[in-house]
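Participant: Just passing along the structure, written as C-alpha cells.
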Amino acid sequence: MIRGVRGATTIEENVEQEIVSATEKLIREMILQNDIVAEAVASVFISVTEDIDGAFPAKALRRITGWTYVPVMCMREIPVENSLKNCIRIMIHINTEKSQREIHHVYLEKAISLRPDLKDE
C-alpha cells in the first residue's frame, strides 16, 4: 500500500544554503521517524510558498546516499491570504504496511503551527 508522509518547515532567508539545509534536515527527520528506505519510496513532492525562489529544495534529496533514483518534483503552494510564509512542505509517498496512525508526520520551526493536533503523537 502507498502512504503519504507529510512534513513542513520554515526558513528565515530566501537563500540557497538555508533552503537546501532546512529541506535536508526535514527530509532526514522524516526518514528517521518513519524508517524510510529509498527503495520503498514511490515519489517525493516538495512545495514552497511563493516567497521562496532562491533554490530548488529538491537539491537536498540528492545529498542523501541511496536516494539518487527517487523521483522528486518541486512546485509552488497556492498563495492563500494570511498563510504561513517562507514554508517548505514535503510529501513522501512510500510503499508500506504501516497504518495511517503509525505514520509520523514531521513539522519543524514555525511550521509546527500547521498541525498542532499532531505534536503529541
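FYI, it's all coordinate maths here, none of it is from the lab. Everything numeric here is computed off the predicted structure, so don't read it as measured data. In this analysis, Cβ positions are derived from the backbone assuming ideal geometry, glycine residues included, and neighbour counts consider all displayed protein chains.
Participant: Apply the Karplus curve 6.51 cos²θ - 1.76 cosθ + 1.60, θ = phi - 60°, to the phi angles in the range 21-35 and return the couplings in whole Hz, x for Gly and Pro.
Facilitator: Computed from phi, the couplings for the range 21-35 are 5, 5, 5, 4, 4, 5, 4, 4, 5, 5, 4, 4, 5, 10, 6 Hz.
Participant: Which FRET efficiency value, to the nearest 0.05, do you get for residue 95 and residue 15 by plugging their Cβ-Cβ distance into 1/(1 + (r/R0)^6) with R0 = 25 Å?
Facilitator: Calculated transfer efficiency: 0.10.
Participant: Let a ≥ b ≥ c be the square roots of the eigenvalues of the Cα gyration tensor of the chain; is it rounded (a/c under 1.5), or, if not, prolate (a/b larger than b/c) or oblate?
Facilitator: Taking the square roots of the gyration eigenvalues as a ≥ b ≥ c, the chain is oblate.
Participant: Let me see the pair-distance distribution of the range 48-104: every alpha carbon pair, 10 Å bin width, integer percents in order.
Facilitator: Reading the bins upward from 0: 17, 39, 34, 10.
Participant: GNM on the chain, C-alpha springs below 10 Å: top fluctuator among 73, 30, 91?
Facilitator: 73
Participant: Taking only DSSP H segments of four or more residues, each worth -39500 (n - 2.57), what value at 222 nm results for the chain once the sum is divided by all its residues, to the nearest 500 deg cm²/dmol?
Facilitator: After summing the helix terms and dividing by the residues of the chain, the value is -5500 deg cm²/dmol.
Participant: Could you tell me which residue out of 73, 107, 34 lies farthest along the dipole of the range 2-116 toward its positive end? Charges go on the beta carbon: Lys and Arg +1, Asp and Glu -1, centred on the Cα centre.
Facilitator: After comparing all options, I get 34.
Participant: Spin-label point model (7 Å from Cα, Cβ direction): what's the residue 32 to residue 85 distance in nm?
Facilitator: With each label point 7 Å from Cα toward Cβ, the separation is 3.0 nm.
Participant: Order these by the 10 Å Cβ neighbour count, fewest first: 68, 49.
Facilitator: Fewest to most other Cβ atoms nearby, the residues stand as 68, 49.
Participant: A further question on this structure: Mind checking the dipole of the range 2-121: about its Cα centre, +1 per Lys or Arg Cβ, -1 per Asp or Glu Cβ, Debye to the nearest 20?
Facilitator: The calculation lands at about 300 debye.
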